[in-house]
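Shown next, in structure tokens, is the structure this report addresses.
The values are calculated or read from the model by the stated rules, or taken from the named source; none is laboratory data. Quick caveat, the model's predicted, so the values are computed rather than measured. Counting neighbours? That spans all protein chains shown, and the Cβs are built from the backbone with ideal geometry, glycine included. Surface areas here come from the heavy atoms of the whole protein model, side chains and all, with no ligands, DNA or RNA. Shrake-Rupley method; radii C 1.70, N 1.55, O 1.52, S 1.80 Å.
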Amino acid sequence: MHAAMLIDTTRCVGCNACSEACKEANGLPGEIESDLTARTWTRVRDVDGTYVRQMCMHCEHPSCASVCPVGALYKSEAGPVAYDEKKCIGCRYCMVACPFGIPKYEWDRALPRVQKCIGCVGRVEKGQMTACAEICPAEATTFGDRDTLLAEAHRRIRENPGTYVEQVYGENEVGGTSVFFLANQPFEALGFPANLPGSSLPDYTWQALSKIPNVVAIGGTALLGISWIVHRRMRLERLAVAEAAGDPAQPRLQEGGAR
Amino acid sequence: MRPRITFWRTVFVAIVAAGLWATWVRFSRGLGASTNLSDQFPWGLWIGFDVLCGVGLAAGGFAITATVVIFKLERFRPILRPTVLTAFLGYLLVIVALLFDLGRPYRVWHPLVMWNPHSVMFEVGWCVMLYTTVLSLEFSPVVFERLRLPRAQRILHSISVPLVILGVLLSTLHQSSLGSLWLILPGKVHPLWYTPLLPVFFFLSALAVGLSMVILESHLSGKAFGKRLEMDLLTDLARVFVVVQAVYLVWRFQDLAGRGALGLAVSGSFPANLFLLEVGLGSLLPMVMFAIPKIRHNQTGLFWGAALAVTGFVLNRLNVSITGLEAGTGVRYFPSWMEIAVTMSIVAVGFGLFGLAVRHLPIFEQHEAAPRRLRRMWVVRGANAA
């Protein structure tokens, strides 16, 4: 099974039980804050009466994991994008790179960590649900296999004409995510990034990065070749000068240079 | 002997004192207490200026070593040592700045054993580390000469060609890859700067600014150490600058036009105006100036042209890393006084170390004797082998 979540904003009642359960399951201190922070990994936004959960999308091709120089962030076998804090050097490239602005930093600590929803990876690997999906009283957040949930999302759109816009947010965005959203109005109006490409973002980097071996091989060969030609020409020049001067100290120069 | 109190020494002490205080706050209380960085704007002055500009401004190192050692344009040898020194100090200070910026600086070695070849940062980290090693080897003959270790000097001389080639390759890779850092943000970076050609543009602009820095550094050295300027060499560098900069600008405008982003430049918005400032004042103007022989052959003209080129380069890097992201994400960022103090201290320490090196090492002296003896030895050995 490839774990995923389906969030139906038309069902959400905004009770914030998911945020509370998240805090408890992950041992996050403090109140639920008015924006995602290192201590609030999910929250419910009220967009003119529509309740929209905010959390990590658990991309299929996560930018954060792709840019991490040490692989502290990684796409787990089970599906969630998880974090190994023992590897993290704190470069914060993940925060710059995330198209959804999800990873947050412990700015107030001398030895900070990057923090974000880790999809309850420990629970999921044990075959349990994520804490937020388990607690949701309105079944607005459901947990399951990615393909199954995607089919379920499309079934809801098909069988309830007029209820939803015809888009499962997360099906194609940045090459697909493991968190899907359904809504009754355009996602851009609900604050979702709308200008995202339909292909994997790490590919943009890889197009440049994959050329490196060629640059090294071709560039190195060319430079060695140039250096060889230039050095040989310089040496011949010096020899010619020495010969013209009839330098008696270097009698066998011509043979040496002719090779 | 008591050191004289001069204006610049006072400025130096003031800057470093502020920097030390900021350093204390940074490492005892964290990045939140010392910087204006936030969850919305995680990279600021230290990455945008200290790292991006620091690496770029040190690009003269690979350009001049290649000129002298690979292309054998021996007449550039007098500026080889100061340029390598500038580059070496530049990279050391970039690493220092990085240690300020990393949340867990004591783990800076992690990329050595924890690999992610898909990460541009991983590649840049390796290249910077390897190239700093190369630079230390390229600089070491100066130290060996001072310590009178001719054997060590000879060994270094015998590997100079492969060493310089390695340096050029590593520089090409990470100068361009610093631009690749932003490739993964197609929707976030302003279209005036986001392009798949970012790595190419970063490389070309670094090459051009590297040459300008050599000119600038020669002038400052001339002022500070009463050194005669190698005007003919600097004029030649200015000429090469014109060519590199012209290729860069034509390519840049062709790319902007091709992506339909050229119109944005005259939209009057804040990013657009910064773009005009960067390209007009910092890229076009120095190129035009250096294309005029009268300016190119004039000390003051050379100085101001190079100063403008460096300003334009710094603006470009800050535009990509800060302005371009501000526009795309709608978040404002301006560095805290502590960020500025650390940056200024790092620059001041760079100047100080350069001065110390010049005073105690044979940087500017004519060191004809050793190479000539070596050259003769090689020729004779070649002859004997035949």
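Run lengths n ≥ 4 of DSSP H only: what is the helix-derived mean residue ellipticity at 222 nm for the protein assembly as shown, with -39500 (n - 2.57) per run over all residues, to the nearest 500? Numbers along the way, then the final one.
Values: 27 runs with 355 residues, N = 645.
The helix-only estimate for the protein assembly as shown comes to -17500 deg cm²/dmol at 222 nm.
Counting partner chain Cβ atoms within 10 Å of every residue's Cβ in B:108-115, what's the average?
Working: counts 3, 2, 9, 7, 1, 2, 10, 3.
Other-chain Cβ atoms within 10 Å of each residue's Cβ, averaged: 5.
Computed 3J(HN,Hα) for the stretch B:308-321, one whole-Hz value per residue from the Karplus formula 6.51 cos²θ - 1.76 cosθ + 1.60 where θ = phi - 60°, is 5, 4, 5, 4, x, 5, 4, 4, 4, 5, 5, 5, 5, 7, glycine and proline marked x. Put simply, the amide H of A:L73, placed in the peptide plane, has neighbours under 5 Å in A:D84, leaving out anything fewer than 5 places away on its chain.
I'd like the trypsin sites (Lys or Arg not before Pro) in the stretch B:92-151 restricted to DSSP loop residues with at most 14 other Cβ atoms within 10 Å, sorted by number.
On the way: sites: B:R107, B:R146, B:R148, B:R151; in loops: B:R148.
Sites meeting the loop and neighbour criteria: B:R148.
Among the chymotrypsin sites (Phe, Trp or Tyr not before Pro) found in the stretch B:58-140, those both in a DSSP coil and sparsely packed, with 16 or fewer other Cβ atoms within 10 Å of their Cβ, are B:F71, B:W109, B:W115. With the highest mean first, a sort of the peptides B:172-180, B:349-357 on other beta-carbon atoms found within 10 angstrom per residue produces B:172-180, B:349-357. Remark: for residue pairs A:K86/B:K188; A:K75/A:K116; A:K116/B:K188; A:K75/A:K211; A:K104/A:K211, the C-alpha separation exceeds 23 Å in A:K86/B:K188; A:K75/A:K211; A:K104/A:K211. Longest stretch of chain B clear of exposed loop sites (GluC sites (Glu not before Pro), DSSP loop, at most 13 other Cβ atoms within 10 Å, sites excluded): B:1-364.
Checking Cβ-Cβ separations below 4.7 Å across chain A identifies A:C12, A:C15, A:C22, A:C59, A:C68, A:C88, A:C91, A:C98, A:C120, A:C136 as cysteines lacking any candidate disulfide partner. Shown for chain B is the translational diffusion coefficient from the Stokes-Einstein equation, using the Kirkwood radius over Cα pairs, a temperature of 4 °C and a viscosity of 1.567 mPa s: 58 µm²/s.
Averaging the sequence gap over all C-alpha pairs within less than 8 Å and six or more residues apart, then dividing by the number of residues, gives chain B a relative contact order of 26 percent.
Leaving out ligands, DNA and RNA, calculate the buried accessible area for the pair A and B with a 1.4 Å probe, summed over both sides, in Å² to the nearest 100. It would help to have the intermediate numbers written out before the result.
Numbers: alone 14690 and 19410 Å², together 28960 Å².
The buried area between A and B, both sides summed, comes to about 5100 Å².
The Cα atoms of the stretch A:49-205 cover 51, 35, 30 Å along the three principal axes, with the biggest extent listed first. For the stretch A:86-166, trypsin sites (Lys or Arg not before Pro) meeting the loop criterion (DSSP other than H, G, I, E, B) and having at most 15 other Cβ atoms within 10 Å: A:K86, A:R109, A:K126.
Rounded to the nearest whole Hz, the Karplus-based 3J(HN,Hα) values (6.51 cos²θ - 1.76 cosθ + 1.60, θ = phi - 60°) of the stretch B:125-136 follow the sequence x, 4, 4, 5, 5, 5, 5, 5, 5, 4, 4, 5, with x at glycine and proline. Residue by residue along B:65-76, Cβ atoms of other protein chains within 10 Å of the local Cβ number 2 on average.
Across peptide B:164-177, how many C-beta atoms of other chains are within 10 Å of each residue C-beta, on average?
Details: counts 2, 8, 3, 0, 3, 7, 1, 0, 5, 6, 0, 0, 4, 4.
Per residue, the average neighbour count from other chains is 3.
Values of log10 I(q)/I(0) for the protein assembly as shown across q = 0.08 Å⁻¹ run -0.68, by the Debye formula with one identical scatterer at each alpha carbon and no solvent.
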